[in-house]
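Novice: Starting off with a structure, shown below.
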Amino acid sequence: ERHKTESKILQLTQQNTELRRQAELVNVEQMDELRRQFQREKETLLKQCDDEKLMNTKLTKSNQKFSNDIADITVELERY
């Protein structure tokens with residue numbers, strides 16, 4: 001009887017160990033997927049930021065040109 005009990009305890013211990021190992025694998029896979037997802041989101045946000053910086057640079061140049069054009073027109077008007 002004791003041998004059966006010890007055998008059952010050993011079997012349950014092995015099953016428990018295997019279930020823990022499987023749970024760890026699932027956790028690692030989930031963490032890896034989350035890392036990949038966060039990396040994709042980070043790359044998307046960085047690209048948006050770069051696009052906005054580029055647009056801001058273009059707008060700044062355009063505004064400067066517009067200001068220069070207004071200054072030129074003002075000078076021309078003052079001549080008349």
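We did not get these values from a lab; they are worked out from the coordinates using the rules stated. Since this is a predicted model, take the numbers as computed values, not measurements. Neighbour counts run over all protein chains shown; Cβ positions are idealised from the backbone, glycine included.
Novice: Would you check which residues across segment 1-25 are surrounded by 10 or more Cβ atoms within 10 Å (Cβ to Cβ) and β-branched (Val, Ile, Thr) and list them?
Specialist: Those that are surrounded by 10 or more Cβ atoms within 10 Å (Cβ to Cβ) and β-branched (Val, Ile, Thr): ILE9, THR13, THR17.
Novice: A follow-up question, please. With hydrophobic (A, V, I, L, M, F, W, C), under 40 Å from the mean Cα position of the chain (by Cα) and in a helix (DSSP H, G or I) as the only criterion, which of LEU25, LEU12 stands out?
Specialist: None of the other options fit; the residue is LEU25.
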